[in-house]
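Novice: The structure is given below, and queries will be raised subsequently.
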Amino acid sequence: MRTIDWATGTAGLDAGGPDTAGVAGFDAAGWIELVDQTALPGELRILRIGTVAELVAAIRSLAVRGAPALGVAGAFGVALAARQFAGDPAGLAAAVHEIETARPTAVNLARGARRAAALLPAGAHAVLREAYAVRDEEIASSEAMAVRGADLVSDLCGTRPRLLTHCNTGGLCTVTVGTALGVVGELHRRGALAGVIASETRPLLQGARLTAWELARWGVDFRVAVDSAGPFLMARGEVDAVILGADRICANGDVINKIGTYAHALGARRAGLPFLVVAPESTVDPDTPDGAAVDIEDRGAAEVTTLSDAVNPAFDVTPHDLVTAIVTDRRVIRLDRGERP
C-alpha cells in the first residue's frame with residue numbers, strides 16, 4: 001500500500017499490493033519524490049529532486065521511466081521550475097523546454113509539462129495544483145484500465161490465462177497500479193490468472209529487474225524469459241495472450257513501445273494469440289499519423305557494449321494490423337475489427 005502525506009509530499013512504501021509508485025509528490029520545500037528505478041531490485045531508493053537539472057538527469061538516466069510516470073514527472077517539473085526560476089522568464093522558458101524534450105519518444109512527458117506550463121500565468125500555486133491533477137488522473141486511469149483490461153482478457157482467453165508481458169508496466173511506470181501489469185494484478189486479485197512470463201527486456205532488463213520485482217511483491221507466479229524466447233514459447237502453447245503497454249499510440253493505431261515489442265507481436269500473430277496494448281488515453285497521440293512519424297530514441301552504444309560500436313534504439317513500432325485491441329482508461333479499441341484510436 002502507498003501512503004502520501006499531503007502536507008509534506010513524503011510517501012511511504014511497504015511490501016504489499018500492486019501499487020508501488022513511480023512518482024510521489026512535491027512539498028513546500030520544493031522537491032519531487034520518486035523511486036530510483038536504476039537501483040532496483042537491489043535497493044528501494046527514494047530520490048528527492050530539488051532542481052530542474054536533477055529532474056532532467058533522472059529522466060535521461062531512467063531513474064524515472066514509463067510514459068504515465070514521465071507525464072506526471074513533467075508536470076511536477078514545471079511546478080519545480082516555476083519556483084526555481086521565479087522572476088526569470090527566460091530561465092523559466094528554457095527550463096520548461098528542457099523538461100519537455102528530456103526524452104523524445106513518449107508523448108506523455110511533453111504533454112504533462114505543457115499542461116502544467118499553461119497555468120504559469122496564474123502563478124506557481126496554480127501550476128502545482130495542475131501537476132497534482134495530472135497525477136490524480138493517472139491514478140484513476142490505472143484503476144480503470146486494470147478492471148477494463150482484466151474483463152477483456154477473461155472474455156478473450158477464458159479462465160486463468162497464461163500471459164506474456166514485455167518491459168515494465170506496473171506502478172513503477174505510472175503512479176499506482178500500472179497499465180498492462182495493472183491488468184495482471186487485477187486478474188491475480190480475482191484468482192483468474194495462471195501465471196506470467198516476463199521477458200527480460202534488454203539491454204536494461206526492465207522486465208527481469210522491475211517487472212519481476214513487482215510480480216514477486218504481489219505474489220504472482222511468474223518466470224523470466226530472454227526476449228527472443230517469447231515467440232517460441234507462444235508457438236509451443238505456453239502463452240494464451242500477450243499484454244504490454246505503450247509509450248505512444250499513433251492516430252492509425254501503430255504502437256510505439258519498448259524495443260522487442262514488434263517481435264512479440266509477430267509471434268502472437270503467427271500463434272493466433274491476442275496481442276493487447278494497455279495504455280492511458282494520455283498516450284494516444286492524434287497528431288502523429290503513424291509510427292513512421294515518431295522520433296525513435298537511440299540510447300547510444302554504452303548501454304549495449306563498451307567493446308565496439310552499437311545501435312541501441314529504445315523503442316520500436318508495432319503496426320496496428322498486428323494489434324488485437326488497445327485498452328485505455330476510457331475504452332477498448334478493437335483494432336482487429338477496424339476500429340481506430
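Novice: Scale the Cα Rg of segment 144-337 by the rule-of-thumb value 2.2 N^0.38 Å and send over the ratio, two decimals.
Specialist: 0.96
Novice: In vacuum, with every alpha carbon of the chain counted as one equal point scatterer, what does the Debye formula give for log10 I(q)/I(0) at q = 0.12 Å⁻¹? Two decimals, please.
Specialist: The Cα Debye sum returns log10 ratios of -0.78.
Novice: Please give the length that would be gained between ASP88 and ASP151 if that part of the chain were fully extended, namely 0.36 nm times their separation in residues minus their C-alpha to C-alpha distance (nm, one decimal). Display every interim value, and only then the final one.
Specialist: Details: separation 63, 0.36 × 63 = 22.68 nm, distance 5.04 nm.
Length gained between ASP88 and ASP151: 17.6 nm.
Novice: To check you understand DSSP bridge types, tell me what percent of the beta bridges within the chain (both residues inside) are antiparallel, rounded to 5.
Specialist: Working: 19 of 37 bridges.
Antiparallel: roughly 50 percent of the beta bridges in the chain.
Novice: Summing -39500 (n - 2.57) over the DSSP H runs of n ≥ 4 in the chain and dividing by its residue number, what mean residue ellipticity at 222 nm do you reach, to the nearest 500 deg cm²/dmol? Before the final figure, lay out each step's value.
Specialist: Working: 9 runs with 119 residues, N = 341.
The per-residue figure over the chain is -11000 deg cm²/dmol.
Novice: At 0.36 nm per residue, minus the direct Cα-Cα distance, what do ALA302 and ALA118 gain on full extension? Give it in nm, one decimal, please. Before the final figure, lay out each step's value.
Specialist: Values: separation 184, 0.36 × 184 = 66.24 nm, distance 3.70 nm.
That pair, ALA302 and ALA118, stretches by 62.5 nm at full extension.
Novice: Considering only LEU335, ALA314, LEU193, whose Cα is most displaced toward the positive end of the charge dipole of the chain, charges sitting on Cβ of Lys, Arg (+1) and Asp, Glu (-1)?
Specialist: LEU193
Novice: Here is a follow-up. Label 7 Å along Cα→Cβ of ALA235; segment 257-285 residues with amide nitrogen under 17 Å?
Specialist: Residues 262-273 fall inside that zone.
Novice: Need one number: nm distance between label points at ARG334 and ALA194, each 7 Å from Cα along Cα→Cβ, rounded to one decimal.
Specialist: 2.4 nm
Novice: Give the long-range amide H neighbours of ARG202: residues separated by 5 or more places, or on another chain, with amide H under 5 Å away, using H modelled in the peptide plane at 1.01 Å from N.
Specialist: Residues meeting the amide H criterion: ASP227.
Novice: Then there is this: Only four residue types carry charge here, +1 at the Cβ of Lys and Arg and -1 at the Cβ of Asp and Glu. Report the dipole size of the chain about the Cα centre in Debye, rounded to the nearest 20. All intermediate terms of the calculation are to be shown ahead of the outcome.
Specialist: Working: 32 positive and 41 negative charges, 109 e Å.
The calculation lands at about 520 debye.
Novice: Between GLY260, PRO121, ALA73, whose Cα lies farthest towards the positive end of the dipole of the chain when Lys and Arg beta carbons carry +1 and Asp and Glu beta carbons carry -1, centred on the Cα centre?
Specialist: GLY260
Novice: Can you put HIS97, HIS188 in order, fewest other beta carbons within 10 Å first? Intermediate values should be presented prior to the final figure.
Specialist: Values: HIS97 13, HIS188 19.
The most exposed by this proxy come first: HIS97, HIS188.
Novice: Report the gain in length on full extension from VAL226 to ARG60: 0.36 nm times residue separation, minus Cα-Cα distance, nm rounded to one decimal.
Specialist: Separation in residues times 0.36 nm, less the Cα-Cα distance, equals 57.3 nm.
Novice: Taking other Cβ within 10 Å of each residue's Cβ, how do GLU186, GLU143 sort, fewest first?
Specialist: GLU143, GLU186
Taken together, the values in this text are just the output of simple stated rules run on the coordinates, not laboratory data. Since this is a predicted model, take the numbers as computed values, not measurements. When we count neighbours, we look across all protein chains shown, and the Cβ atoms used for this are built from the backbone with ideal geometry, even at glycine.
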